[in-house]
1. Does L74 count as modelled with pLDDT under 90 and not basic (K, R)?
2. Within the range 9-58, how many residues turn out to be within 19 Å of L73 (Cα to Cα), of a type in the set (A, V, I, L, M) and surrounded by 12 or more Cβ atoms within 10 Å (Cβ to Cβ)?
3. For T37, are the conditions met, namely being over 23 Å from Y5 (Cβ atoms) and of a type in the set (V, I, T)?
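The values are calculated or read from the model by the stated rules, or taken from the named source; none is laboratory data. Just so it is clear, the model here is predicted, and its values are computed rather than measured. Cβ coordinates were reconstructed from backbone atoms using ideal geometry, including for glycine residues, and neighbour counts include every protein chain displayed.
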Amino acid sequence: GEQRYLEWYTTVERYVETHFIDRECGEWFGYLHYDGTVANPVKGNMGKGPFHIPRMLLLLEKMDELAARGEKLLIM
């Protein structure tokens, strides 16, 4: 419920959208250098499958819904 968490969320969301997403060919890059440039253009490997990105997007959507109602999501 604190404003600073919304600000961090927005900052991270903006960074992900501007650095990780491959707008030219689709999908997401898995690894970036500290300066935000792509470290490896390979998009699929044993650690990055079709499960994790949709799972996190669904979780973020749920968090947005709860935040709009003033509720919190407890993650254990």
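1. Working: modelled with pLDDT under 90: yes; not basic (K, R): yes.
Yes: the conditions hold for L74.
2. Step one: of the range 9-58, the residues within 19 Å of L73 (Cα to Cα) are 9-10, 12-13, 52-58.
With of a type in the set (A, V, I, L, M) added as a condition, the list becomes 12, 53, 56-58.
In the following step, the residues that additionally are surrounded by 12 or more Cβ atoms within 10 Å (Cβ to Cβ) were identified as 53.
Of the residues in that region, 1 qualify.
3. On the way: over 23 Å from Y5 (Cβ atoms): yes; of a type in the set (V, I, T): yes.
Against the criterion (over 23 Å from Y5 (Cβ atoms) and of a type in the set (V, I, T)), T37 qualifies.
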